[in-house]
There are 2 protein chains.
Amino acid sequence: VARILITCGPTREAIDRVRFLTNASSGRTGLAIAEEALARGHQVDLVLGPIELPPPAQAHVVPVTSCAEMLAACLRLHPLCQAVIGAAAVSDFRPAAPLDVKRGREDGAWKLELVPNPDILAELGEKKGARVHVGFALQLEAETARALEKAREKLRSKHLDWIVANGLDALGGEEGTYFLLGRSGPPEELGRIGKRALSRRLIEAVENSLKDLKPRADQGR
Amino acid sequence: VARILITCGPTREAIDRVRFLTNASSGRTGLAIAEEALARGHQVDLVLGPIELPPPAQAHVVPVTSCAEMLAACLRLHPLCQAVIGAAAVSDFRPAAPLDVKRGREDGAWKLELVPNPDILAELGEKKGARVHVGFALQLEAETARALEKAREKLRSKHLDWIVANGLDALGGEEGTYFLLGRSGPPEELGRIGKRALSRRLIEAVENSLKDLKPRADQGR
């Protein structure tokens, strides 16, 4: 049994008091992973972006809105957890300076300055220690081979143990088309499956990696 | 019994294949209005932005994503309807040119050019004829008097019969704080009420306006 930190949902990056940048993430992937982890007896910290669907009652839910809030919650919980699954669709950019007022149509065209957001899994990866880290890579490439190569680069640069490469079809829906990549071996083609089925495979992979870590951690003592 | 065109939910204005501009509208207001209208025997065309909640089964639902799509659907349905209730939280701006690729963090800061979207109720107002038109005005002013003055200006410039002024608290939630303004008379303070209660008052107002229209239309023959 492990304590698992799961990020879930989109983030919203405020333009003003009403408008924001976001994406179509419904939170279904993170919720399915949280439900599967809980069903297998794990403890779940769910850092949850703004979604309509209800989170599982047994999860410890930390609601957040922006990437900055999600990062802060993750940095606080990370030391307490043995595994991290970054299933949130975090916005890569945010407005440089949110407006205090709501700009109206009559004010005409304007240029919104966007700045890069921190990469949450990359930041947690710097403090990884004896933990299992899992990420997702949205594949927009037409070519699968190139998409999987990019996912593997992400896995390496963020010090992940597992990465799920998923197509755009996974965003917001009940199922998606997935590949699972580990630190070694060929990509595992999961095909088009439901998010709970993906979660079963993923939690199994995390559990195996946690078992592999244990002896190493024991040797270190 | 009337055929009523109701717009509902937010719109999404694409930045690229993944990201968009939007707001926190859950669609609860438009759905509650549609349910109330159907319960009172009206026929409902529901032009529906992307939301998680299910629309009523008896409504004729036209799903749309962007303001441009919502406007096109409204222009098509408007001639067939006797009343229009614009409950959608339409984005006032859209990116001038959506990107084909997804820009990455590594590409650094950038400036996104935003251009004003068409004002759907204003455009329909130009073709109003013998119809009842209802809009909403989000009040961001600290001062209620100033907010109501702005709502009344909107009512006049868009040729509306009724306008609901609502606070930011109404966005996404189960209830809101509302004022109802007609073409004459003082604003009606509805206070903080549920969205179904607001809908009852609103459909009643529309029905009364439709009754007032009838004799005028008959006289015109």
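Of note:
- Of all residues in the range B:93-151, those that are touching a residue at least 24 places away in the same chain (Cβ under 8 Å), within 7 Å of chain A (Cβ to nearest Cβ) and of a type in the set (Lys, Arg) total 1.
- From the list A:146, A:131, the lone residue that is over 25 Å from residue A:42 (Cβ atoms) and out of contact with any Ser or Thr (no Cβ under 9 Å at 6 or more places or on another chain) is A:146.
- Check on residue A:182, in contact (Cβ under 8 Å) with a residue 40 or more places away in the chain and either buried (at least 17 other Cβ atoms within 10 Å of the Cβ) or under 30 Å from residue B:50 (Cβ atoms) (or both): no
- In this structure, residue A:65 does not satisfy being open to solvent by less than 20 Å² (accessible area, probe 1.4 Å) and within 14 Å of chain B (Cβ to nearest Cβ).
- Looking across the range A:155-194 at every residue that is within 18 Å of residue A:30 (Cα to Cα), charged (D, E, K, R) and not in a loop (DSSP other than H, G, I, E, B), the one that is farthest from the other protein chains (Cβ to nearest Cβ) is identified as A:192.
- Residues in the range B:163-179 that are open to solvent by 10 Å² or more (accessible area, probe 1.4 Å) and either touching a Pro at 6+ places or on another chain (Cβ under 6 Å) or modelled with pLDDT of 95 or more (or both): 1 in all.
- Residue count for the range B:50-61 satisfying the condition of being more than 30 Å from residue B:112 (Cα to Cα) and among the β-branched types (Val, Ile, Thr): 1.
- The residue list A:160, A:138, A:112 contains one member that is farther than 29 Å from residue A:5 by Cα, aliphatic (A, V, I, L, M) and surrounded by 14 or more Cβ atoms within 10 Å (Cβ to Cβ), which is A:112.
- Some residue of the range B:124-132 being more than 30 Å from residue B:16 (Cβ to Cβ), surrounded by fewer than 20 Cβ atoms within 10 Å (Cβ to Cβ) and more than 20 Å from the chain's Cα centre (by Cα): no
- Of the residues making up the range B:123-146, just one is within 26 Å of residue B:12 (Cα to Cα), of a type in the set (Gly, Ala, Ser) and out of contact with any helix residue (DSSP H, G or I) (no Cβ under 7 Å at 6 or more places or on another chain), namely B:125.
- Restricted to the range A:1-49, the set of strands (runs of 3 or more DSSP E) holding at least 2 residues that are more than 10 Å from chain B (Cβ to nearest Cβ) and within 27 Å of residue A:114 (Cα to Cα) comprises A:3-8, A:43-48.
- Checking each residue in the range A:37-89 for being among the small types (Gly, Ala, Ser) and more than 21 Å from residue A:166 (Cβ to Cβ) picks out A:39, A:41, A:57, A:59, A:66, A:68, A:72, A:73.
The values are calculated or read from the model by the stated rules, or taken from the named source; none is laboratory data. None of these values were measured; they are calculated from a predicted model. All Cβ positions, glycine included, derive from the backbone under ideal geometry; neighbour counts span all protein chains shown. Just the protein is used for accessible areas: all its heavy atoms, side chains included, with ligands, DNA and RNA removed. Shrake-Rupley method; radii C 1.70, N 1.55, O 1.52, S 1.80 Å.
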